[in-house]
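Student: Sharing a structure with you now.
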Amino acid sequence: MSPKKQRRLAFAVALLLAGACGAALVVFALRDNVLFFYSPTDLVETPAPPGQSIRIGGLVETGSLVREEGLAVRFIVTDGQNSIPVRYSGVLPDLFREGQGVIALGARDGGGTFEASEVLAKHDEKYMPPEVADALKRSGHWEEGAPAPGSL
């Protein structure tokens, strides 16, 4: 093999190694920043470590909304099989109410309560986030063709 071909081969190998290292760094950096969706049943079966930022979704359990001092509220998110208590301090979306679909962003504390930093409610009466709808279908709490739970 001529020296010119050896230099080209070495350059190609170095380029591939640099690309692989770059891709590995990107994947490693994004690993902690990617937010996964969990239903309450998912969290009961495979709990997320306290402090890990996650999203949970389901329905706001009827009769669970408790307004505390200031903007603090407590409510329970359920998927029909399991429930997770949620604490949030802030302005709730206009469409937030009991029996409606909700997604909360935050982390679990050491006691199992979900400390939400953001709460999202569905935007109209026919919409249900696909992840929430799939979790409710898996739990048998929602049938295809029926109106979304909580929408009337």
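Student: Can you tell me the length gained on complete extension of the stretch SER2 to VAL44, counting 0.36 nm per residue apart and subtracting the Cα distance? Each step should come with its number before you reach the end.
Tutor: Working: separation 42, 0.36 × 42 = 15.12 nm, distance 6.31 nm.
Computed gain between SER2 and VAL44 is 8.8 nm.
Student: Another question about this same structure. Quick check: from the Cα gyration tensor, does region 37-138 come out rounded (a/c under 1.5), prolate or oblate?
Tutor: Values: a/c = 1.56, a/b = 1.00, b/c = 1.56.
In terms of gyration-tensor shape, oblate.
Student: Next question, about the same structure. What relative contact order, as a whole-number percentage, does region 37-138 give when Cα pairs under 8 Å and 6 or more residues apart are counted? Walk me through the intermediate numbers first.
Tutor: Details: 216 pairs, mean separation 28.8, N = 102.
The value is 28 percent.
Student: Quick one: net charge of VAL66's neighbours, Cβ under 13 Å, K/R +1, D/E -1? Intermediate results must be reported in sequence, preceding the final value.
Tutor: Working: positive: ARG67, ARG74, ARG87; negative: GLU61, GLU68, GLU69, GLU98.
Around VAL66, the charge tally is -1.
Student: Follow-up question, since we're still on this one. Please identify the chymotrypsin sites (Phe, Trp or Tyr not before Pro) of region 25-120 that satisfy two criteria: DSSP loop assignment and at most 16 other Cβ atoms within 10 Å. Which are they?
Tutor: Answer by residue number: PHE36.
A short reminder: the numbers here are calculations on the coordinates, not readings from a lab. The structure presented is a predicted model; accordingly, all values stated were derived computationally and were not measured. Reconstructed Cβ throughout: ideal geometry from the backbone, glycine too, with neighbour counts over all protein chains shown.
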